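J.: Just dropping this structure here.
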Amino acid sequence: MLPKSESSKDIETKSFSEFSQLADFSLINFLNADPQSTNDGIDHKPRPVYSGHYVPVNPTPIPFPKYIAHSPTLFEELGLSSDLIKDKKFCSFFSGDIEVADSPMSPLGWATGYALSIYGTEYTQQCPFGTGDGYGDGRAISVFEGLFKGKRMEMQLKGGGPTPYCRGADGRAVLRSSVREFLVQELMHALGIPTSRSLTLYVSGTEIVRRPWYTKGSKYFEPDIMVDNHAAITTRVAPSFLRVGQLELFARRVRSNSHSEAFNELRIIVQHLIDRNYKDEIDPRYSFTERVIKLAYLYRERLISLIANWMRVGYCQGNFNSDNCAAGGYTLDYGPFGFCELFDPRFQPWTGGGEHFSFFNQPFAAEINFKMFCNSLQPLLKENKEDTEKLDEIINNFSKLMSRKIQLMWSKKLGLEKYNEALINELFNLMVISKADFTIFFRNLSDIPENISFLKDCFYLPPTEELNTRWHIWLTKWHECINKNFDTQEISKSMKQVNPKFTWREWMIVPAYEEAEKGNYSLIKELQSILTNPYEEQSLEISQKYNLLKPREFFNYGGVSHYSCSS
């Protein structure tokens, strides 16, 4: 169980010393450290980690850190004063200098291992030792866990330097990927989608790291040059960073009987997941197996809801491996993600992703990750037939429940009282043929247009006469559906609550991180303001600048329409 009462704290935290008093470490206090780890956190070279839930490791601070941004929304939610960004210790700590930590903060950070499965296939090749014992947080180091207004949150430095899981890399994140992660977490939260959150963003004034990327205007599929980038650290915040891949790692060790404590370590990590992410929904008086079954049921609900929300706003995870799938049911690990502009069910921004992680295939990818999650729980049921059948039933119903949730989502986007398969399938066909912009189309449709003329600025090509006729027929059928029982003004209002006005457009983000490399952070601030209010109508100037179709030159443009890893 988690320590001490998680009572509400309403006092605003204004200094780093006050911040330190919020510390309350459950993971490192109640889980097992790797028995081969060091006592001083100097553990930065790749090595196999055979047991334990985490490795104590110190982050490597970026030299001469410069403040770029923080999230006022998250600061307020956590009860933190924005004055903290002027506190030198606060700045040092969240740019990787853990030596400034005050008691009762931990003097060490921690990294965790996890397994990898891709679309249900277990892999170990990505591990440098070929066993899976060297795969995990290679550049993400957690440094703080505490209670904020009664809510438990963990804070993790992305780009905090190498860990035993770094696989020979430098453990750094470049400014480009750090800006993207900082901004997209702000956007996803504002869209109402469960997600890890953005706390702060710092860049080094002197440290440069090299990464493969694309030349300006490149049409290459893969990066064609090496680019120098400033190293940066973004702090992401979540109730926990437990992943499906973590549970998989411990379940694999149980199956292979890799060490005597393997079963206990799996049981402990599952109980810790319950305590961290499902505490209010799972009665501690249940037997342990009852808690495990309830956990599977609740995670199924959360994951299904999450994927439906991703689809609603055009989000594509790109690399939805089990290790990028949060066991708490929220979005995690923004690497090669993207948002669909030109509507394409097969949209996939990541060059290494393939169609199995494409936009419309995400429900299937989620189902497979869920099966891997449940397979990891099965050893805890000790082959009890009744419990195993309950878990199997939860797995088997995933697809049916996902379909219902997706249908409900499309119905809400269209203002329909109930799902109309023929109407929606014809809409998808028309959107593809007409080359419609996903976000602009649904937002304009939310005004309940009478004819196609009100939708023409949604299309990347002008509709033909034949298409105009087909659109007229579709709009007529749609109006017949929505006008039966409801006031169209109310329908329009409800549609605008699920169809955002502003979205992530990669070609608009590129100038922000390119200017940031030059020391100009104004575009980041501007985008942060816009993306934290995606449903609002905002000013005409903002709309004319940010609510636009993707320019022709950015199609098939390396680093914009597609990219490898944005690390």
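The values are calculated or read from the model by the stated rules, or taken from the named source; none is laboratory data. Being a predicted model, the structure only gives us computed values, none of them experimental. Please note: Cβ atoms are built from the backbone with ideal geometry, for glycine as well, and neighbour counts cover all protein chains shown.
J.: Mind listing whichever residues of the range 436-451 are of a type in the set (Val, Ile, Thr) and surrounded by fewer than 19 Cβ atoms within 10 Å (Cβ to Cβ)? Spell out the reasoning first.
T.: To start, the set of residues in the range 436-451 that are of a type in the set (Val, Ile, Thr) comprises 439-440, 448.
Of everything in the range 436-451, just one residue is of a type in the set (Val, Ile, Thr) and surrounded by fewer than 19 Cβ atoms within 10 Å (Cβ to Cβ), namely Ile448.
J.: Turning to a different aspect of this structure: Is it true that Ile424 is hydrophobic (A, V, I, L, M, F, W, C), within 26 Å of Ile307 (Cβ to Cβ) and assigned by TED's automatic domain parsing to the domain that holds Ile293?
T.: Values: hydrophobic (A, V, I, L, M, F, W, C): yes; within 26 Å of Ile307 (Cβ to Cβ): yes; assigned by TED's automatic domain parsing to the domain that holds Ile293: no.
Criteria not met by Ile424.
J.: Can I ask one more? With respect to Ala422, is the statement that it is among the aliphatic types (A, V, I, L, M) and surrounded by fewer than 20 Cβ atoms within 10 Å (Cβ to Cβ) true?
T.: On the way: among the aliphatic types (A, V, I, L, M): yes; surrounded by fewer than 20 Cβ atoms within 10 Å (Cβ to Cβ): yes.
When the stated conditions are applied, Ala422 passes them.
J.: Mind checking which residues of the range 35-59 are in a loop (DSSP other than H, G, I, E, B) and within 24 Å of the chain's Cα centre (by Cα)? Steps first, answer last, please.
T.: Applying the first criterion (in a loop (DSSP other than H, G, I, E, B)) to the range 35-59 yields 35-53, 58-59.
His53, Pro59, listed by residue number.
J.: Out of all the residues in the range 457-476, which are outside any loop (DSSP other than H, G, I, E, B) and either exposed (fewer than 14 other Cβ atoms within 10 Å of the Cβ) or aliphatic (A, V, I, L, M) (or both)? Write out each step before concluding.
T.: Initially, the range 457-476 is screened for residues outside any loop (DSSP other than H, G, I, E, B), giving 457-459, 465-476.
Within the range 457-476, Asp457, Glu465, Glu466, Leu467, Thr469, His472, Ile473, Leu475, Thr476 meet the criteria.
J.: Taking the condition of being surrounded by 21 or more Cβ atoms within 10 Å (Cβ to Cβ), farther than 26 Å from Cys374 by Cβ and either among the hydrophobic types (A, V, I, L, M, F, W, C) or outside the structural domain of Val49 (by TED's automatic domain parsing) (or both), how many residues in the range 112-146 meet it?
T.: Matching residues across the range 112-146 total 3.
J.: I want to confirm something. Restricting to the range 109-168 and keeping residues that are of a type in the set (D, E, K, R) and out of contact with any Phe, Trp or Tyr (no Cβ under 7 Å at 6 or more places or on another chain), which single residue is nearest to Tyr50 (Cα to Cα)? Before you say what the answer is, go through the steps one by one.
T.: We begin by selecting, within the range 109-168, every residue of a type in the set (D, E, K, R); these are 122, 133, 137, 139, 145, 149, 151-152, 154, 158, 167.
Remaining after also requiring out of contact with any Phe, Trp or Tyr (no Cβ under 7 Å at 6 or more places or on another chain): 122, 139, 149, 151-152, 158, 167.
Numbers: Glu122: 18, Arg139: 19, Lys149: 37, Lys151: 32, Arg152: 29, Lys158: 24, Arg167: 15 Å.
Result: Arg167.
J.: Okay, moving on. Residues to consider are Ile433, Ile394; find the one that is surrounded by 13 or more Cβ atoms within 10 Å (Cβ to Cβ), more than 29 Å from the chain's Cα centre (by Cα) and modelled with pLDDT of 95 or more.
T.: On the way: Ile394 fails: more than 29 Å from the chain's Cα centre (by Cα).
Only one candidate qualifies: Ile433.
J.: To continue, here is another question. Looking only at the range 505-517, decide whether some residue is in a loop (DSSP other than H, G, I, E, B), closer than 24 Å to His70 by Cα, modelled with pLDDT of 95 or more and not hydroxyl-bearing (Ser, Thr, Tyr). If you could, list the steps in order and put the result at the bottom.
T.: First, the residues of the range 505-517 that are in a loop (DSSP other than H, G, I, E, B): 505.
Of the ones still in play, those that are also closer than 24 Å to His70 by Cα are 505.
After this cut, where a residue has to be modelled with pLDDT of 95 or more as well, the list is 505.
With the extra rule that they be not hydroxyl-bearing (Ser, Thr, Tyr), the set shrinks to 505.
Scanning the range 505-517, I find at least one residue that is in a loop (DSSP other than H, G, I, E, B), closer than 24 Å to His70 by Cα, modelled with pLDDT of 95 or more and not hydroxyl-bearing (Ser, Thr, Tyr), so the answer is yes.
J.: Within the range 451-484, count every residue that is within 35 Å of the chain's Cα centre (by Cα) and within 16 Å of Lys435 (Cβ to Cβ).
T.: 7
J.: Next up: Could you run through the range 294-306 and say how many residues are in contact with a Phe, Trp or Tyr (Cβ under 9 Å, 6 or more places away or on another chain) and touching a residue at least 60 places away in the same chain (Cβ under 8 Å)?
T.: 8
J.: Evaluate the following for Ile193: is it within 30 Å of Arg443 (Cβ to Cβ), surrounded by fewer than 22 Cβ atoms within 10 Å (Cβ to Cβ) and in contact with a strand residue (DSSP E or B) (Cβ under 7 Å, 6 or more places away or on another chain)? Before the answer, list the steps.
T.: Details: within 30 Å of Arg443 (Cβ to Cβ): yes; surrounded by fewer than 22 Cβ atoms within 10 Å (Cβ to Cβ): yes; in contact with a strand residue (DSSP E or B) (Cβ under 7 Å, 6 or more places away or on another chain): yes.
Taking the combined requirement at face value, the residue satisfies it.
J.: Restricting the search to the range 478-497, which residues are buried (at least 20 other Cβ atoms within 10 Å of the Cβ) and in contact with a Ser or Thr (Cβ under 9 Å, 6 or more places away or on another chain)?
T.: Residues of the range 478-497 that are buried (at least 20 other Cβ atoms within 10 Å of the Cβ), as a first pass: 478, 495.
Residue satisfying the conditions is Met495 alone.
J.: Scanning the range 532-561 for residues that are touching a helix residue (DSSP H, G or I) at 6+ places or on another chain (Cβ under 8 Å) and not in a loop (DSSP other than H, G, I, E, B), which turns out farthest from Thr73 (Cα to Cα)?
T.: Out of the qualifying residues, it is Phe554.
J.: Taking the range 236-249, which residues are within 19 Å of Ile28 (Cβ to Cβ) and in contact with a strand residue (DSSP E or B) (Cβ under 9 Å, 6 or more places away or on another chain)? Walk me through how you get there before you give the answer.
T.: So in the range 236-249, the residues within 19 Å of Ile28 (Cβ to Cβ) come out as 236-243, 246-247, 249.
Hits for the range 236-249 are Arg236, Val237, Ala238, Pro239, Ser240, Phe241, Leu242, Arg243, Gln246, Leu249.
J.: Determine whether Arg210 is free of Cβ contacts under 8 Å to residues at least 60 places away in the same chain, closer than 30 Å to Gln125 by Cβ and not in a helix (DSSP H, G or I). Break it down into steps so the answer makes sense when it comes.
T.: Details: free of Cβ contacts under 8 Å to residues at least 60 places away in the same chain: yes; closer than 30 Å to Gln125 by Cβ: yes; not in a helix (DSSP H, G or I): yes.
It is true that Arg210 is free of Cβ contacts under 8 Å to residues at least 60 places away in the same chain, closer than 30 Å to Gln125 by Cβ and not in a helix (DSSP H, G or I).
J.: Can I ask one more? Starting from residues that are among the charged types (D, E, K, R) and in contact (Cβ under 8 Å) with a residue 12 or more places away in the chain, keep the ones in the range 266-285 and report whichever is surrounded by the most Cβ atoms within 10 Å (Cβ to Cβ). Quick ask: steps written out before the conclusion?
T.: Initially, the range 266-285 is screened for residues among the charged types (D, E, K, R), giving 267, 275-276, 279-281, 283, 285.
If we keep only those that are in contact (Cβ under 8 Å) with a residue 12 or more places away in the chain as well, we get 267, 275-276, 279, 281.
Numbers: Arg267: 16, Asp275: 18, Arg276: 21, Lys279: 14, Glu281: 13.
Across the range 266-285, the extreme among qualifying residues is Arg276.
J.: Let me ask something additional. Within the bounds of the range 114-126, is there any residue that is over 18 Å from Pro46 (Cα atoms) and among the small types (Gly, Ala, Ser)? It would help to see each step written out before you state the result.
T.: Step one: list which residues in the range 114-126 are over 18 Å from Pro46 (Cα atoms), which gives 117-123.
Now restrict to residues that are among the small types (Gly, Ala, Ser): 117, 120.
Yes, because at least one residue in the range 114-126 is over 18 Å from Pro46 (Cα atoms) and among the small types (Gly, Ala, Ser).
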